[in-house]
Amino acid sequence: MFVARSIAADHKDLIHDVSYDFHGRRMATCSSDQSIKVSGFLTHGLLEFVCNATDVTHSGSVWRVTWAHPEFGQVLASCSFDRTSNDKQRGQSHWIKRTTLVDSRTSVTDVKFAPKHMGLMLTTCSADGVVRIYEAPDVMNLSQWSLQHEISSKLSCSSHAPMIAVGSDDSNVTYGGKVQIYEYNEVTRKYAKAETVMTVTDAVHDIAFAPNLGRSFHVLAIATKDVRIFKLVPLCASSAPTKFEVQVLAQFDSHNSQVWRVSWNITSTLLASSGDDGCVRLWKANYMDNWKCTGILKGDGSLLSGQPGALSAILGSAAAQSNCSHVLFKKSQLEYKSLVGT
């Protein structure tokens, strides 16, 4: 059975993001109290979650926190309203700030590490519409990061990373194209815009590529006023950048409210979404590629009545290995958006 448990994060203000490490054994949270807290499992017959680190490293609200692949050690990156991105590494007994990236002139709104096969690379995006890509040339010296690329998307954005999807949280619904896709060109060694998803006209709160396990196409999930899943099929691989046919695989308004987070499991077979309805909803495709809701978790972790009993098994296997178990902070998310707008 799936058992829900409340965790006292001990933050003094709104919590904006929750991120699990690769193995799902540690959880990092960040808040408007300018702090990052890391919790981990202790096992004494039962699993117990305890807070084992506090890192007050920013002078403004901390929007996002993310983990690097464990191949590079225990490394965390965070971004803040104070216009910086910080990289932290765990020492023998506590977390140490290794570097501060200060290239942005406005609030840094999102930060993501690249897949491990690309090396230790970090992507940030900021409210000025600029996506920046950094690389640590020496993984043993995390105090040195080089700025590799700057991409001006002309959007107030949030991102992901070798193709990069950029989503705008601009609430102006008079124009489409709130999602843009950029692709790296090996010849020019620059990123160029490959596609614009014109059908997305509402503010984008989160965006996530599904892990690509050898597919000839890409799958992209978008959190806006609803949940949308797109299929990006390359039309001409010889062109630079590649052109894509954008197909809508699924669109769900079951949250009946704004959707704030979307996250895939490690095998890209399950998508989790969370919204202002106080629920986490799980979506899965059948063999006909028809997407359906396979389960609903309420904010207190209990199953919504009438939902499949197999939900606990799904959570225990695939979803627990990824960031699918996002904690819901309905009030926090609403106030967070008003903060960004000021």
Inset, instruction - Would you work out if the range 59-136 is rounded, prolate or oblate? Take a ≥ b ≥ c from the square roots of the eigenvalues of the alpha-carbon gyration tensor; rounded if a/c is under 1.5, else prolate when a/b is larger than b/c, oblate otherwise. - result: oblate
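Treat the count of other C-beta atoms within 10 Å as a stand-in for reagent exposure and order Arg228, Arg26, Arg189 from fewest to most.
On the way: Arg228 25, Arg26 20, Arg189 9.
Ranked by crowding around the Cβ, least crowded first: Arg189, Arg26, Arg228.
Taking the mean number of other Cβ atoms within 10 Å as a proxy for protection, how do you rank 141-149, 12-20 from highest to lowest?
12-20, 141-149
No lab work stands behind these numbers, since they all come straight from the coordinates. On a predicted model such as this, the values are computed, not experimentally measured, just so you know. Glycine gets a Cβ as well: all are built from the backbone with ideal geometry, and neighbour counts include every protein chain shown.
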